[in-house]
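The values are calculated or read from the model by the stated rules, or taken from the named source; none is laboratory data. For clarity, every value in this text was computed on a predicted model and none was experimentally measured. A quick note on method: Cβ atoms are made from the backbone with ideal geometry, for glycine too, and the neighbour counts reach across all protein chains shown. For accessibility, only protein heavy atoms count, side chains too; no ligands or nucleic acids. Shrake-Rupley method; radii C 1.70, N 1.55, O 1.52, S 1.80 Å.
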Amino acid sequence: MSNEPIIRIEKANKWYGQFQVLTDVDLEVKAGERIVICGPSGSGKSTLIRCINHLEKVEKGRIAVDGIELTGHERKNVDAVRREVGMVFQQFNLFPHLTVLQNCTLSPMHSRGVPREAAEATAMKYLQRVRIPEQANKYPSQLSGGQQQRVAIARALCMNPKIMLFDEPTSALDPEMVNEVLDTMIGLAEDGMTMLCVTHEMGFARRVADRVIFMADGRVLEMAPPDQFFGNPQHPKLKAFLGQIL
Ligand code: ADP
Ligand code: MG
């Protein structure tokens with residue numbers, strides 16, 4: 001097995017106009033690792049993970065995913081990386097006019113050329129896995145928020161990603177639905193998926209994270225295994241942050 005990290009971010013810097021949103025971010029993630037990213041609102045967490053599938057691009061520094069360089073912004077490299085990376089957003093982003101099953105089969109059929117029957121079989125497999133196969137023919141608006149988010153996870157899995165990015169996947173949910181989504185994510189982690197999760201669910205972080213990252217003002221201020229991160233935080237800003245959320 002290669003020791004080459006599946007995600008390598010070196011000195012990533014990014015600006016929105018005059019505003020520097022990422023400053024010298026370094027991060028290496030090995031295949032199978034689970035990383036949780038937390039930090040105050042506006043600290044650049046979403047921007048950082050969106051750079052990994054090139055929804056945003058860094059102006060300075062280097063990002064490579066599974067050995068594929070994103071830095072030159074070459075279209076074929078961007079496409080190749082996106083084939084390996086699934087993403088789940090806070091707001092589910094399901095297609096409202098398509099059924100659950102159609103949401104799950106659209107990209108495999110239209111961007112990968114998978115035949116309908118095979119795409120539907122795969123979709124049903126992942127809908128089983130997120131425990132809502134019985135919702136396959138419903139529309140997103142007929143589902144609860146927790147169910148919609150589980151569909152979004154199933155839809156991402158249908159593309160057979162090597163890496164899953166989660167951007168505050170439970171923040172838009174009513175409290176009673178948070179656990180059903182976290183349980184799905186825990187299952188994925190137990191199956192060995194490489195995961196980067198922006199979340200403030202610290203119970204989840206303690207349970208599944210190999211490393212927890214704290215970002216503030218566009219910088220990674222702390223990165224440690226959960227025991228150390230929560231038990232012995234170093235940076236004053238992390239101490240203050242944990243004081244507010246725990
Ligand atoms: P977080 O996810 O940690 O809340 P974001 O990465 O969303 O942080 O945003 C970091 C900062 O960059 C915020 O101040 C936000 O207002 C700003 N920002 C985010 N996206 C854009 C954009 N497309 N254009 C300009 N500023 C942006
Ligand atoms: Mg965000």
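Before moving on, here are some points about what is shown:
- In this label model, Trp15 and Ile186 are separated by 4.5 nm, measuring between points 7 Å along each Cα→Cβ vector.
- Karplus 3J(HN,Hα) series, Hz, for region 120-132 with 6.51 cos²θ - 1.76 cosθ + 1.60 (x for Gly, Pro): 5, 5, 5, 4, 5, 4, 6, 5, 4, 4, 8, 6, 9
- Per-pair calculated FRET efficiency, R0 = 22 Å: His73 and Leu106 via Cβ, rounded to 0.05: 0.25
- Taking region 35-96 and dividing mean pair separation by its residue count, relative contact order in percent (alpha carbons under 8 Å, at least six apart): 20 percent
- Fraction of accessible area attributable to carbon and sulfur, the chain (%, probe 1.4 Å): 47 percent
- Net length available on complete extension from Lys239 to Asn93 is 49.2 nm, with 0.36 nm assigned per residue and the Cα-Cα distance removed.
- Å² per residue, accessible surface of the chain at 1.4 Å: 47 Å²
- Around Thr194: net Lys/Arg minus Asp/Glu count, Cβ-Cβ under 14 Å: -3
- Here Lys14 is the anchor, and the aspartates and glutamates within straight C-alpha reach of less than 20 Å, apart from those fewer than 8 places off in the same chain, are Asp24, Asp26, Glu28, Glu56, Glu59, Glu69, Glu74, Asp167, Asp217, Glu222.
- For a modelled paramagnetic label at Lys162, 7 Å from Cα along Cα-to-Cβ, the residues of region 24-55 in reach, with backbone nitrogen under 12 Å, are 30-32.
- Computed extension length for Asp210-Ala118: 29.6 nm, one decimal, from 0.36 nm per residue of separation with the Cα-Cα distance subtracted.
- For the chain, fraction of C-alpha pairs farther apart than 24 Å, in %: 47 percent
- Crossing angle, helix 236-245 versus the chain [Cα axis fit, 0-90 degrees, rounded to tens]: 40 degrees
- Unsatisfied cross-links (Cα-Cα over 19 Å) in the set Lys30/Lys60; Lys11/Lys45; Lys30/Lys239: Lys30/Lys60; Lys30/Lys239
- Near the amide H of Glu69, within less than 5 Å, lie no amide hydrogens of residues on another chain or at least 5 residues away, with H placed in the peptide plane.
- With each label modelled as a point 7 angstrom along the Cα→C-beta vector, the Glu176-Gln128 pair spans 2.9 nm.
- For Asp227 and Asn3, a Förster radius of 30 Å and the Cβ-Cβ distance give a FRET efficiency of 0.80, rounded to the nearest 0.05.
- Using C-alpha pairs under 8 Å with a sequence gap of at least 6, the mean separation divided by the residue count of region 150-227 gives a relative contact order of 27 percent.
- Principal-axis analysis of the Cα atoms of the chain puts helix 145-157 at an angle of about 90° to the longest axis.
- Mean residue ellipticity (222 nm) of the chain, computed from DSSP H runs ≥ 4 via -39,500 (n - 2.57), nearest 500: -12000 deg cm²/dmol
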